[in-house]
Protein chains: 2
Amino acid sequence: MTLSARPLRLATTASGFDAALAARLHWSADTDAGIEQAVADILAEVRKRGDAAVLEYTNRFDMKAAAMAQLELKPSELKAAFESLPARQREALESAARRVRSYHEAQKKASGESWSYRDADGTLLGQKVTPVDRVGIYVPGGKAAYPSSVLMNAIPAHVAGVGEIIMVVPTPRGEKNPLVLAAAYVAGVTRVFTIGGAQAVAALAYGTETVPRVDKITGPGNAYVASAKRRVFGQVGIDMIAGPSEILVLADGTTPADWVAMDLFSQAEHDELAQSILLCPDAKYIEAVQAAIDRMLPEMPRAEIIAKSLNGRGALIQTRNMEEACEISNRIAPEHLEIASGEPHRWEPLLRHAGAIFLGAYTSESLGDYCAGPNHVLPTSTTARFSSPLGVYDFQKRSSLIEVSEAGAQSLGLIAAELAYGEGLQAHARAAELRIKR
Amino acid sequence: MTLSARPLRLATTASGFDAALAARLHWSADTDAGIEQAVADILAEVRKRGDAAVLEYTNRFDMKAAAMAQLELKPSELKAAFESLPARQREALESAARRVRSYHEAQKKASGESWSYRDADGTLLGQKVTPVDRVGIYVPGGKAAYPSSVLMNAIPAHVAGVGEIIMVVPTPRGEKNPLVLAAAYVAGVTRVFTIGGAQAVAALAYGTETVPRVDKITGPGNAYVASAKRRVFGQVGIDMIAGPSEILVLADGTTPADWVAMDLFSQAEHDELAQSILLCPDAKYIEAVQAAIDRMLPEMPRAEIIAKSLNGRGALIQTRNMEEACEISNRIAPEHLEIASGEPHRWEPLLRHAGAIFLGAYTSESLGDYCAGPNHVLPTSTTARFSSPLGVYDFQKRSSLIEVSEAGAQSLGLIAAELAYGEGLQAHARAAELRIKR
């Protein structure tokens with residue numbers, strides 16, 4: 001049987017469009033009671049027994065090891081992995097890292113520096129921005145081992161000034177991915193442990209005799225890892241817990257149809273739940289994209305996953321015009337948003353919610369995924385309504401700075417005391433009044 | 001029986017200091033299975049039945065009402081509440097709001113503006129910063145009804161450019177707090193509903209026929225509210241879930257002892273679990289603070305709460321020197337950190353983790369709580385290791401901007417394709433290659 005990929009066809013003019021779109025967008029993270037209980041047990045054991053528990057779980061789930069010391073990679077192993085790569089891969093990794101670093105340096109400069117000002121009475125107000133002391137980066141092992149994720153998590157932490165970056169990566173059956181280790185080398189990771197799953201998250205959150213306790217954990221993982229991250233949140237910081245990856249393409253018909261079709265494929269090839277949506281006012285162009293899909297699908301090594309994703313979750317949607325396409329895009333708040341248009345800067349200001357916006361025909365999502373510079377860890381499942389790409393700011397925190405001058409204490413003291421008495425907090429009021437001269 | 005307040009006395013030179021300090025700091029949020037189940041039920045009901053469920057719960061827990069329309073306050077009621085206040089209270093509220101607004105405007109300018117740059121080949125990279133569309137602010141009713149919290153939550157949202165600010169505040173037995181309503185008026189809240197508890201959080205997160213669905217919910221609440229916020233996280237954004245409030249005072253002995261004692265009181269008067277700690281190298285000064293506590297406690301209207309808090313969770317700690325005091329402060333990562341020193345700028349650079357830092361003798365925490373300008377919603381329970389004060393940035397989100405030029409697509413395409421093939425993602429590689437000219 002030949003594979004075919006037929007994303008759902010919708011038109012905004014059809015009755016029932018809103019419901020049909022909502023149904024196609026619907027996704028909810030299942031919480032599996034079995035996983036939840038297993039994770040709760042693993043966290044409790046690691047918290048109580050430290051290394052011994054981590055070692056036991058690693059032996060059970062991943063690989064044989066007699067001691068925790070065997071589960072740490074030496075810096076020389078990371079370097080050797082890097083040097084073992086073909087020159088072209090090495091150079092690509094270094095170029096990508098260089099661009100990601102310079103983008104995040106610009107980000108730090110634009111939005112991550114300390115600031116302060118003084119009032120006329122000499123009172124100083126501001127915020128001091130400091131890096132998180134120590135972070136943990138979770139890197140999945142096995143088939144979804146992405147060296148680019150190592151760069152995207154570790155480099156912003158490094159740019160933020162984080163003192164220690166501890167990476168964990170499971171190595172099922174002891175198999176190490178040299179590209180992942182090379183990325184750790186290039187990104188400046190401090191220490192690497194070959195542990196994974198909930199036991200790795202627990203080790204990072206609570207610390208063990210061997211694994212140092214971190215302040216924040218970032219990085220993707222399976223359902224066990226996601227559950228563990230949710231549970232240790234508060235004890236440590238975490239990044240967002242991602243749903244399936246998504247792309248939305250706004251097309252005015254000026255970008256070659258096979259470019260757009262391949263961009264839809266590049267989302268769909270991630271996994272069967274990934275979502276690829278095209279919004280376009282031009283019915284003929286939509287036909288052309290479908291034709292390109294039909295033509296190119298058989299050439300794709302991951303055709304089966306692509307077909308399942310596009311058939312199950314994809315959509316080609318005809319809109320009344322580009323303005324309406326932008327409105328619908330805002331409703332979807334996609335992770336990746338391509339403006340495949342000859343006038344991308346006309347539409348960009350209309351787009352309020354998206355993880356990353358790719359402007360113009362030449363900006364394929366894949367360039368952003370690897371090496372344009374911006375982070376590829378982005379909010380999914382409409383969370384772009386209220387959250388942001390992973391960035392330097394995720395590895396920094398702020399402390400307010402307040403230095404009230406003697407003169408300032410006189411005027412501010414009266415205001416604070418008035419409001420504090422109003423709230424029935426007399427010690428607050430008295431503390432302000434004590435600083436007022438009689 | 002006369003009340004006495006005797007915070008635990010510790011010295012860093014004593015054996016067992018670390019364990020004694022850890023024991024005193026220990027606090028963990030209990031999760032009550034009964035509360036969890038009740039909240040899960042309430043969320044499910046409101047999600048399913050909307051207004052009808054909200055109305056039922058409000059009738060059961062707070063006040064009698066026949067229709068949801070009776071649970072919305074008109075803008076004219078907010079204005080009337082403001083105008084009903086004594087002139088001094090009105091002016092204090094307006095002065096505080098003005099200062100909080102101008103601080104947060106400076107914050108937005110310093111760290112919340114869009115930015116971008118172009119590479120030599122014309123490729124544009126940056127981030128667009130946009131406000132959240134609609135936020136919900138939870139304001140507790142009853143005895144802990146703080147108008148200052150209304151200002152501290154609503155003003156940063158307003159400065160961020162949030163389109164609609166929906167406030168919920170329960171009014172048990174129909175009793176409205178005029179200062180809270182006046183604060184909503186001054187802060188520019190869009191709509192106010194007199195609902196509370198988990199049902200209010202559910203209404204904001206899912207939307208009902210009457211209450212619009214929001215994108216993010218902030219503001220403090222009881223255990224039901226906290227549990228509901230945790231559960232709707234992902235559906236909407238939330239702020240941190242706060243533990244008991246804390247102050248840590250670093251004193252070199254130059255600030256009048258009764259000022260410091262009153263600052264400890266002002267934390268302790270919040271509730272019995274609040275934590276007040278003094279770190280000081282000077283034993284005589286510690287004695288003087290204890291003497292001031294003894295002298296002033298009987299005068300305090302909330303003496304009973306203060307005594308319970310200081311006896312149960314307070315500590316006066318003698319350190320070897322100020323440097324060591326700073327180290328211990330970093331370990332504690334306090335919500336409020338006062339540097340009661342004649343040379344606060346000598347110590348400030350040593351302090352890495354704190355919600356807010358108050359410099360010098362005149363900067364009582366209470367000035368910051370009400371009107372200095374910085375936000376009083378701060379990370380508690382050591383979460384200042386990885387999180388920040390509530391700010392304009394909590395009501396904004398970022399979208400990466402990427403516009404790769406034709407020339408850029410040539411060089412970036414080679415790098416992306418190399419890495420994508422390395423990860424086994426061929427459609428990613430092909431999407432990059434299609435943009436490369438043969």
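We did not get these values from a lab; they are worked out from the coordinates using the rules stated. Predicted model, so just to flag it, every value in this text is computed and none were measured. Cβ coordinates were reconstructed from backbone atoms using ideal geometry, including for glycine residues, and neighbour counts include every protein chain displayed.
In B, who owns the beta-carbon nearest the axis carrying B over to A, and how many Å from it?
Its Cβ sits closest to the axis: B:SER111, 2.
Express in whole angstrom the spacing between the alpha-carbon centres of region B:304-359 and region A:101-139.
Distance between centres, Cα-based: 22 Å.
Just round it to a whole percent: the fraction of Cα-Cα distances in region B:211-337 exceeding 23 Å.
On the way: 3429 of 8001 pairs.
That fraction is 43 percent.
Using C-alpha positions alone, give me the convex hull volume of region A:33-238 per residue in cubic angstrom.
135 Å³
How large is the Kirkwood hydrodynamic radius of chain A, counting all unique pairs of alpha carbons, in Å?
24.3 Å
Under a GNM of chain B (C-alpha, springs under 10 Å), which listed residue has the highest mean-square fluctuation: B:THR382, B:THR58, B:THR13?
Looking only at B:THR382, B:THR58, B:THR13, the biggest GNM fluctuation is shown by B:THR13.
Within 13 Å, Cβ to Cβ, of B:VAL39, how many net charges do the neighbouring residues add up to if Lys/Arg are +1 and Asp/Glu are -1? If you can, show how the numbers build up before the last one.
Values: positive: B:ARG47, B:LYS229, B:ARG230, B:ARG231; negative: B:ASP32, B:GLU36, B:ASP41, B:GLU45.
Overall, the nearby charge balance is 0.
Considering only DSSP beta bridges whose two residues both sit in chain A, what percent are antiparallel, to the nearest 5?
In chain A, approximately 30 percent of DSSP beta bridges are antiparallel ones.
Which entries in the list A:LYS79/A:LYS109; B:LYS48/B:LYS109; A:LYS284/A:LYS308 go over 32 Å, if you measure between the two C-alpha atoms of each?
B:LYS48/B:LYS109
Say we join alpha carbon atoms closer than 10 Å with springs in a Gaussian network model of chain A; which of A:ARG385, A:ARG88, A:ARG24 then has the biggest fluctuation?
A:ARG88
What gaps in nm, shortest first, separate B:ASP121 from its twins in the other copies when you place the label 7 Å past Cα toward the beta carbon?
Label point to label point, same position, other copies: 5.7 nm.
Ratio to report: Rg/Rh of region A:342-438, with Cα atoms as the point set and Rh obtained by the Kirkwood method; give two decimals.
1.34
Between region B:197-256 and region B:142-164, how far is it from one alpha carbon centroid to the other, in angstrom?
12 Å
Quick check on the exposure proxy: order A:HIS26, B:HIS428 from fewest to most C-beta atoms within 10 angstrom. Intermediate values should be presented prior to the final figure.
Details: A:HIS26 8, B:HIS428 29.
Exposure proxy ranking, most exposed first: A:HIS26, B:HIS428.
Distance between Cα centroids, region A:45-85 to region A:415-435: provide it in whole Å.
Using only Cα atoms to place each centre, the spacing works out to 56 Å.
Of the DSSP beta bridges with both residues in the protein assembly as shown, give the percent that are antiparallel, rounding to the nearest 5.
25 percent
Rounded to whole Å and sorted largest first, list the principal axis extents of the Cα atoms in the protein assembly as shown.
Cα spread of the protein assembly as shown along its principal axes, largest to smallest: 89, 65, 52 Å.
Please name which of A:ALA106, B:ALA66, A:THR255 has its Cα lying farthest along the dipole of the protein assembly as shown towards the positive end, using unit charges on Cβ (Lys, Arg +1; Asp, Glu -1) and the Cα centre as origin.
Selected residue: B:ALA66.
Could you work out the helix-only [θ] at 222 nm for chain B, with each DSSP H run of four or more residues adding -39,500 (n - 2.57) and the total divided by the number of residues, to the nearest 500 deg cm²/dmol?
Counting only the DSSP helices, I get -14000 deg cm²/dmol.
Based solely on C-alpha atoms, express the radius of gyration and the Dmax of region B:152-254 in angstrom.
15.8, 59
Hey, got the dipole for chain B? About the Cα centre, +1 on K and R Cβ, -1 on D and E Cβ, debye to the nearest 20?
In total the dipole reaches around 960 debye.
At A:ALA29, label 7 Å along Cα→Cβ: distances to the other copies, nm, ascending?
Once sorted, the set of distances for A:ALA29 reads 1.6 nm.
What are the distances, in nm and sorted shortest first, from the label point of A:PRO172 to the label points of the same position in each other copy, with each label point placed 7 Å from Cα along the Cα-to-Cβ direction?
Ordered by distance, the counterparts are at 5.4 nm.
Running a GNM on chain B with Cα contacts under 10 Å, which residue among B:PRO86, B:PRO334, B:PRO172 ends up with the highest mean-square fluctuation?
B:PRO86
How large, in Å, is region A:284-402 by the Kirkwood hydrodynamic radius built from its alpha-carbon pairs?
Result for region A:284-402 stands at 16.6 Å.
Divide the volume of the convex hull of the Cα atoms of region A:1-152 by its number of residues and quote the answer in cubic angstrom per residue. Working shown, then result.
Numbers: hull volume 57.9 nm³, N = 152.
Given the Cα convex hull of region A:1-152, per-residue volume reads 381 Å³.
May I ask what percent, to the nearest 5, of DSSP beta bridges between residues of region B:33-238 are antiparallel?
Around 30 percent antiparallel, to the nearest 5.
Take every Cα pair under 8 Å in region B:33-238 that's 6+ residues apart, average their separations, divide by the length, and report that relative contact order as a whole percent.
Numbers: 358 pairs, mean separation 61.5, N = 206.
Contact order relative to length: 30 percent.
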